[in-house]
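In what follows, a structure is listed as structure tokens, so that the remarks can point back to it.
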Amino acid sequence: MTSRERFLAALACQPLDRPPVWLMRQAGRYLPEYRAMKEKHSFVEMVRTPELATEVTLQPLRRFPLDAAIIFSDILVIPEALGQPYRFKETGGIEMEYALRSSEQISRLRSKGVHQRLDYVAQALARTRSELGNATALLGFCGTPWTLGSYMTQGGSPTESPAILELFQKDRPLFNQLMGILTSACIDYLKMQIDAGADAVQLFDSWASLSPDKDYGEASLRWVQEIIEALPSSFPVILFAKGKAHQRKALVQTGARVISYDWSVNLAQERKLVPASIAVQGNLDPEILTMDQETTQMRTLELLESMRGHAGYIFNLGHGLTPKAKVENVQTLVETVCNFK
Ligand code: CP3
């Protein structure tokens, strides 16, 4: 069975001898070969250049026998394509060129032709697929309208009193206008990724927890559902709604095929609570990869054991790899999953 077949079987909730494994931020500062590329190119330049994006995507695959590759890009390419550029600060974090606040600014967003301006991502996907071959799964991704809107209205990473929540509470028509623009852009962009060869796409609602529980459906999930409904029927969508695992019923109702969990939940318990036709993904604490190989192996095995016998499971971290992750720990994690029987 190839890695790609294993990945697709997990998505279809078929029983497997071991789960497939992939990690978010497979690319990133923990890899010396990525740091070497960053000496020569800025983050945004690497994202925008298909040859470079392909190279960064493939770097971790050359080291570790991962079952899926996630395309090197960023969720913030959508704001950029709409006319609000971003940059990655070397001290960490993200900065947008301005904060989007007024109705004039929102009306000025260039909502037509998003996928043409993001054609470099389609090229990177096609190029990665041809270099990767057919044996490994390839994932595309996108931020949810709520999470994208969080960055856009803040002008960078959201703070404790997030601008997006203020917009949601104080001017619902304008909030809905912005979400409508972002929802169409996401649909356009994800269809393009599917046409370019993605086997599945992940939607990141990384800032889900900025929304109060009672509002989460209106603030975020209704737009997620609209996106999923607009994609080819039964195309697999993975939904990562950080901090909202307890809203499982609402998450499942979006039509997502896989729910991806952060490390705050007991995954085996969650597996029993979501319908058997929905797969689950997660959820090792990324901090463990900053520790040592024994701890990494032990905690990986613990999670694998807890999920033994459950079909529809994809091994993953509860969030992305951090710059402090150690290469040897990533190696241990991937080997431990691949050798699990
Ligand atoms: O995982 C992969 O390798 C695929 C590519 C990928 C990146 N960003 C590249 C990246 C993916 C899937 C993302 C998603 C993304 N980007 C999210 C959603 C997931 C999450 O983290 O919750 C968000 C919120 C962003 C926005 C973003 N991009 C932030 C907040 C940061 C800064 C993180 C930090 O550590 O300071 C980035 C930068 C970024 N995006 C890096 C990578 C590899 C790190 C770049 C570097 O260190 O050189």
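For region 237-250, what are the residues that are under 22 Å from Ile194 (Cα atoms) and surrounded by 23 or more Cβ atoms within 10 Å (Cβ to Cβ)?
Selection gives Leu239, Phe240, Ala241.
Inside region 284-317, can you point out the residues that are under 22 Å from Asp17 (Cα atoms) and under 17 Å from the mean Cα position of the chain (by Cα)?
Leu284, Tyr313, Ile314, Phe315, Asn316, Leu317
Kindly check whether there is at least one residue in region 214-233 that is within 29 Å of Ala68 (Cβ to Cβ) and modelled with pLDDT under 95.
Checking region 214-233: at least one residue is within 29 Å of Ala68 (Cβ to Cβ) and modelled with pLDDT under 95.
Would you confirm whether or not region 43-64 contains a residue that is over 21 Å from Trp146 (Cβ atoms), touching a Ser or Thr at 6+ places or on another chain (Cβ under 6 Å), away from the ligand (no atom under 14 Å from the Cβ) and at pLDDT 95 or above?
So far as region 43-64 goes, no, none of its residues is over 21 Å from Trp146 (Cβ atoms), touching a Ser or Thr at 6+ places or on another chain (Cβ under 6 Å), away from the ligand (no atom under 14 Å from the Cβ) and at pLDDT 95 or above.
Being aliphatic (A, V, I, L, M), under 21 Å from Trp207 (Cα atoms) and outside any loop (DSSP other than H, G, I, E, B) narrows it down to one residue among Leu167, Leu138; which is it?
Leu167
Residue by residue through region 204-230, note down the ones that are within 15 Å of the ligand (Cβ to nearest atom), part of a helix (DSSP H, G or I) and not β-branched (Val, Ile, Thr).
Correct list: Ala208, Ser209, Leu210, Ser220.
Taking region 231-241 as the region of interest, how many residues are in a loop (DSSP other than H, G, I, E, B) and on the phi < 0 side of the Ramachandran plot?
The qualifying residues number 5.
Return the residue satisfying two criteria in turn: it lies in region 74-93 and is part of a strand (DSSP E or B) and out of contact with any Phe, Trp or Tyr (no Cβ under 6 Å at 6 or more places or on another chain), and of such residues it is modelled with the lowest pLDDT.
Among those that are part of a strand (DSSP E or B) and out of contact with any Phe, Trp or Tyr (no Cβ under 6 Å at 6 or more places or on another chain), it is Arg87.
In this structure, is Glu5 within 13 Å of the ligand (Cβ to nearest atom) and acidic (Asp, Glu)?
Criteria not met by Glu5.
The values are calculated or read from the model by the stated rules, or taken from the named source; none is laboratory data. Keep in mind that this is a model prediction, so the values were computed, not measured. Because the Cβ atoms are built from the backbone with ideal geometry, glycine has one as well, and the counts that use them run over all protein chains shown.
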